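Worksheet: one structure, shown below.
The values are calculated or read from the model by the stated rules, or taken from the named source; none is laboratory data. Computed from a prediction, not measured in an experiment: that's the story for all the values here. Virtual Cβ from ideal backbone geometry, glycine too; neighbours counted across all protein chains shown.
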Amino acid sequence: PTLRVVTDLETGAILLATGLMYAGFYAVMTGATSSFHNVYHFNNIQTALMYLPIGIGGIFSAFTTGRLVDWNYRRHAKRAGMPVVRSKAQDLTNFNIEKARLEIALPSYYLSTGCMIAYGWVMGRQVHLAAPVILLFVSGWSLNATSQVLNALMVDIWPGQSAAATAANNLMRCELGAAASAAINPMQEAMGWGWAFTTLAFISIASSPILW
């Protein structure tokens, strides 16, 4: 069932975009240890604390993204003359669920890639510590927001097979994340932090037209 989800044209497009976005995120997480050691001369405890902004951003996303998604869903349902029934699954055959979801997912997708580019150039310039902290927080929020919305869309497209849809999502993002994690340090040595993360972000941006 998972492979059937992966090879479907529509969901494959969503999985590719999500996977490439997560690949950049894993690259940031993997490179953070060496970058904060080398750029800011942090010890292990100080470096570990730099992962907190990402987690806090993710927690903040959990409290905000759902409200945005529900608001946009109700807005489209009202236009389509479809009543919103919260207690049971609704027939979405004649409802543009992709548009309702992606109007929230796409802005946060581009915000996530923009933060990745900014983070790479900030780390390459050794600016004040507040800059990477803020960028990591916004990255945590935007990445989790995008992931939540696209996961919801996957379940909408595959009603009754949410486990297979989630497994397909994890399969794609973990495989691409593994590749990015392996590549980021050699890329940094060859290109510098700025161009390394810019390259990963541009790959994600180049895949985004399939969502449009």
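The sole residue among ALA179, ALA152, ALA183, ALA167 that is over 19 Å from GLY114 (Cβ atoms), in contact with a helix residue (DSSP H, G or I) (Cβ under 9 Å, 6 or more places away or on another chain), among the aliphatic types (A, V, I, L, M) and crowded, with 18+ Cβ neighbours inside 10 Å is ALA152.
When ILE56 is tested against (1) part of a helix (DSSP H, G or I); (2) at pLDDT below 85; (3) not hydroxyl-bearing (Ser, Thr, Tyr), exactly one condition is not met: (2).
Being at pLDDT below 85, surrounded by fewer than 12 Cβ atoms within 10 Å (Cβ to Cβ) and assigned to a helix (DSSP H, G or I) is the requirement here; does LYS78 meet it?
Here the answer is yes, as LYS78 does meet what is asked.
Identify all residues within segment 10-48 that are polar (S, T, N, Q), surrounded by fewer than 20 Cβ atoms within 10 Å (Cβ to Cβ) and part of a helix (DSSP H, G or I); write none if there are none. Correct list: THR30, THR33, SER34, ASN38, ASN44, GLN46, THR47. Checking each residue in segment 17-55 for being touching a helix residue (DSSP H, G or I) at 6+ places or on another chain (Cβ under 6 Å) and either acidic (Asp, Glu) or farther than 16 Å from TRP193 by Cα (or both) picks out ALA17, THR18, GLY19, LEU20, MET21, TYR22, PHE42, THR47, MET50, PRO53, ILE54.
Being surrounded by fewer than 22 Cβ atoms within 10 Å (Cβ to Cβ) and either in a helix (DSSP H, G or I) or in contact with an Asp or Glu (Cβ under 7 Å, 6 or more places away or on another chain) (or both) narrows it down to one residue among THR146, THR198; which is it? Walk me through it before giving the result.
Numbers: THR146 fails: surrounded by fewer than 22 Cβ atoms within 10 Å (Cβ to Cβ).
Going through THR146, THR198 in turn, the sole match is THR198.
Of LEU135, LEU176, all but one fail to be closer than 16 Å to PHE197 by Cβ and either in a loop (DSSP other than H, G, I, E, B) or without any contact (Cβ under 8 Å) to a residue 60 or more places away in the chain (or both); the exception is LEU135. Screening MET172 against (1) within 29 Å of ASN96 (Cβ to Cβ); (2) modelled with pLDDT of 90 or more leaves a single unmet condition, (2).
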